[in-house]
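These notes are about the structure you will find just below.
All of the numbers you see were taken from the coordinates with simple rules; none came from a lab. Just so we're clear, the structure is a prediction, and the values are computed from it rather than from any experiment. Cβ placement follows ideal geometry from the backbone for every residue including glycine, while neighbour counts extend to all protein chains displayed.
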Amino acid sequence: MRLPGTRYQEHGWEQVRKLLGHCSLQAFRRLEMHQILDAGQHAALLDCYTDAVAEALRAGARSARAEAEGNSYGDSVYELSLSLLFELQAQPGFWLAFAAAVAAEHARSGAFWLDAAADGVMRKKVNDMYAGLRDKVDADNYIVTTGRDCSPNKIYTYRMLDTAYREIAGLFADWRQHAEQVGAILGRAIEGSPIETRQMKSIGGCKPEWIVRWSESQERYAGSPGPLHTKSKRFASLKNSPDKIAAMLAEIGDYEELSANMDRADDWSGDAGEAALWLEDYWRVIGESEQGEARDEDRILPEPADDGEAGLSDDMPDDSSEGAAGPEPEFKAHDLAVEQSLAGALSLPPRYLELARAAQKAGSWALRILGGESLPIRLAVYQKLLGAADDTYPEAWLDPATGELPTLQQLAALDQISMPTLRKRRNEAIDKLYAANTAPAK
Amino acid sequence: MKENELKSAQDEQDARLRERALLARAAPGDRLMLADATLLAALDGSRVLTPNERQALSASPLTLRRFRQLSLERQASARSPQAANDPVWSGSSGMLRAASSATALESLATDDGCWTLHFLPQGEGWQVILSLSAEAPFAARLLREHVMVRVIDGGGAIVLQGRLDSDGECECGWPFATAPARHFQMYGAGFAVEPVTP
């Protein structure tokens with residue numbers, strides 16, 4: 001199914017889910033998983049988890065599963081997995097819910113993550129986390145693309161209708177075998193070849209009452225109740241709203257037609273120059289508002305009506321306590337000779353730090369804000385916000401062996417600090433960027 | 001690399017970093033804070049944001065992403081080759097005026113005067129008709145292309161969607177239970193007409 005802005009709703013999702021599950025299990029074997037029982041460690045553990053899964057994904061980026069097509073915009077399964085992983089950091093509520101589920105399982109059966117036989121239990125919890133996250137991310141993508149409200153629940157409903165349509169299309173295609181149920185769907189006895197089965201060419205041609213009657217007939221013909229008729233009542237209210245169903249079916253159909261020739265979704269890594277283009281508009285709009293004396297009435301949108309969403313608690317404990325971090329080194333290596341031996345030990349060019357430092361021009365905005373941070377911390381900030389590779393990185397920043405920024409381990413070693421300390425300082429530096437960005441003194 | 005190329009790569013990097021710092025933040029409970037009509041009016045300079053709106057925009061990554069989308073769409077349509085000889089239309093917005101709530105609402109016009117919404121009582125409900133003014137600078141192109149348009153209320157819900165007929169009109173039943181005037185009041189008193197694009 002395709003809707004404006006969505007990226008995770010097509011055929012490739014199963015593979016994305018499996019790849020993330022597989023890489024997560026690998027990551028859990030390397031993480032200090034007992035920290036998940038300590039709410040104070042959740043944010044730090046999420047950082048470690050993201051890094052470990054990203055590394056596992058990159059290691060397997062050439063596998064057949066990773067290279068398979070993940071959606072019809074040309075995103076591969078690998079690309080979708082990596083981008084969804086990074087969305088987790090902006091939506092930590094899903095990580096917290098996952099941590100709570102793991103803690104509950106731990107209370108029942110101990111450190112089950114050490115037990116290979118319990119992999120299935122863990123995989124299920126990871127699946128749940130990403131299943132919720134993809135609908136949240138796609139609901140947001142839909143809002144950004146269309147300006148209309150949406151919710152994870154609504155995405156789920158679209159998908160249920162899309163699946164229902166496909167089931168009906170399957171029955172129509174094979175109507176001789178399923179004459180009775182097709183009759184129940186059409187609401188009349190079948191005599192000869194029913195014309196509807198040939199006329200329905202796309203989801204836009206599917207009538208809402210067919211969906212309702214199909215769901216109703218599922219219990220009799222397929223053995224279990226259809227989605228509008230389950231005990232859970234999740235979609236029960238739709239039964240009486242054929243208009244709503246019709247509008248949603250038409251929307252999926254219209255967009256599928258519109259987007260059939262589109263080569264690529266607007267993803268947010270964006271084209272060269274885009275960031276500068278809209279930021280210019282942003283600063284102008286903010287500046288005009290700061291100067292404008294017109295005191296018009298506020299036009300802030302009311303909160304949308306609750307659509308009955310169970311709702312994840314979205315707060316991430318604002319935690320910066322260090323816990324078990326290693327001791328801070330007493331000194332900083334400014335001595336070039338020390339730097340060179342460090343770099344050499346990490347298989348980086350000996351003059352890496354010196355040249356990388358020189359490659360950032362003094363006039364840069366980032367350097368104004370982060371001038372007080374060491375180079376490895378600044379590079380860790382770039383790695384976190386723009387990724388390990390970005391076409392704006394100067395040559396001198398890259399590890400010649402990989403063509404990417406040094407890994408976090410290498411950066412920590414270059415700075416002679418522990419990984420938790422590096423992460424902590426990096427996150428503090430990112431907070432400085434946020435603060436500088438939202439209080440523009442232009 | 002030459003000096004000026006180096007500088008522009010540096011600027012691009014700064015811009016991308018600032019973009020990510022604005023958009024990739026975790027913002028618990030984030031939602032769309034400003035309607036397209038409000039954002040578009042701020043973009044084209046016809047209405048500046050109030051301090052609260054400014055605050056709401058800066059603090060909401062989701063609203064900022066919508067702003068980014070509208071800004072880029074606007075700039076792309078300004079650059080498109082058609083712009084030279086044929087005026088491009090990327091949307092119009094309007095407000096419910098205070099006076100119009102006193103009597104039953106008969107019509108609403110967009111601020112640019114190019115579009116009017118008419119409301120006709122029909123049975124238990126209303127019929128809503130969108131019409132394009134023949135004076136609109138982009139009228140010829142929209143009629144020629146039979147573009148798909150939609151009307152959204154201040155909350156982003158679709159009031160009407162369809163293709164313009166040869167008279168530049170498009171109509172449907174009023175889709176809400178609440179009467180038009182009351183409905184628009186409930187959703188920020190604003191509305192917008194926009195092209196439906198992929």
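If you plug the beta carbon distance of B:ARG141 and A:ILE195 into 1/(1 + (r/R0)^6) with R0 = 60 Å, you get a FRET efficiency near 0.95.
Which Cα, out of A:TYR156, A:ALA131, A:ILE190, lies furthest along the positive dipole direction of region A:122-199 (beta carbon charges, K/R +1, D/E -1)? The one lying farthest along the dipole's positive direction is A:ALA131.
The magnitude of the dipole of region A:154-305, with charges of +1 and -1 set on the Cβ of Lys/Arg and Asp/Glu and taken from the Cα centre, is near 1460 debye. Across the options B:TRP89, B:MET186, B:HIS118, the greatest Cα extent toward the positive end of the charge dipole of chain B (unit charges at beta carbon of Lys, Arg, Asp, Glu) belongs to B:MET186. Fewest neighbouring Cβ atoms within 10 Å first, the residues A:LYS18, A:LYS125 line up as A:LYS18, A:LYS125.
The angle separating the long axis of helix A:92-109 from the principal Cα axis of greatest extent in chain A is about 80 degrees. From helices alone, chain B scores -11000 deg cm²/dmol at 222 nm; the rule is -39500 (n - 2.57) for each run of n ≥ 4 DSSP H residues, then divide by the residue total. So for region A:1-124, taking the charge dipole from beta-carbon charges (+1 Lys/Arg, -1 Asp/Glu), which of A:GLN35, A:LEU19, A:GLY5 sits furthest toward the positive end? Of the candidates, A:LEU19 comes out farthest on the positive side. Over chain A, DSSP H runs of length four or greater, each weighted -39,500 (n - 2.57), average out per residue to a 222 nm ellipticity of -18000 deg cm²/dmol.
Comparing A:ILE369, A:ILE195, A:ILE36 in a Gaussian network model of chain A, where Cα atoms under 10 Å apart are tied by springs, the biggest mean-square fluctuation is seen for A:ILE195. Largest mean-square fluctuation among A:LEU133, A:LEU348, A:LEU301, in a Gaussian network model of chain A whose springs join Cα atoms under 10 Å apart, belongs to A:LEU301. Model label points for A:ASN240 and A:ALA260, set 7 angstrom from Cα along the Cα-to-Cβ axis, are 3.8 nm apart. A crude spin-label estimate for the pair A:SER109 and A:ARG188, with each label 7 Å from Cα along the Cβ direction, gives 5.5 nm. The angle between the Cα long axis of helix A:375-386 and the main principal axis of chain A comes to about 10°, on a 0 to 90 degree scale. About its Cα centre, the dipole of region A:136-235 is roughly 160 debye, where the only charges are +1 on Lys and Arg Cβ and -1 on Asp and Glu Cβ. Classified by the C-alpha gyration tensor, chain B has an oblate form. Its axis ratio a/c, with a ≥ b ≥ c, is 1.5 or above, and a/b does not exceed b/c. Let's test the formula: R0 of 60 Å, r as the Cβ-Cβ distance of A:SER341 and B:ARG79. What FRET efficiency results, to the nearest 0.05? The computed FRET efficiency comes out at 0.70. Straightening the chain between A:GLU280 and A:LEU37 buys 83.0 nm, computed as 0.36 nm per residue apart minus the Cα-Cα spacing.
Placing +1 on the Cβ of every Lys and Arg and -1 on the Cβ of every Asp and Glu, with no other charges, gives region A:27-130 a dipole of roughly 280 debye about its Cα centre. Across A:SER418, A:SER224, A:SER202, mean-square fluctuation computed from a Gaussian network of chain A (C-alpha pairs under 10 Å connected) peaks at A:SER224.
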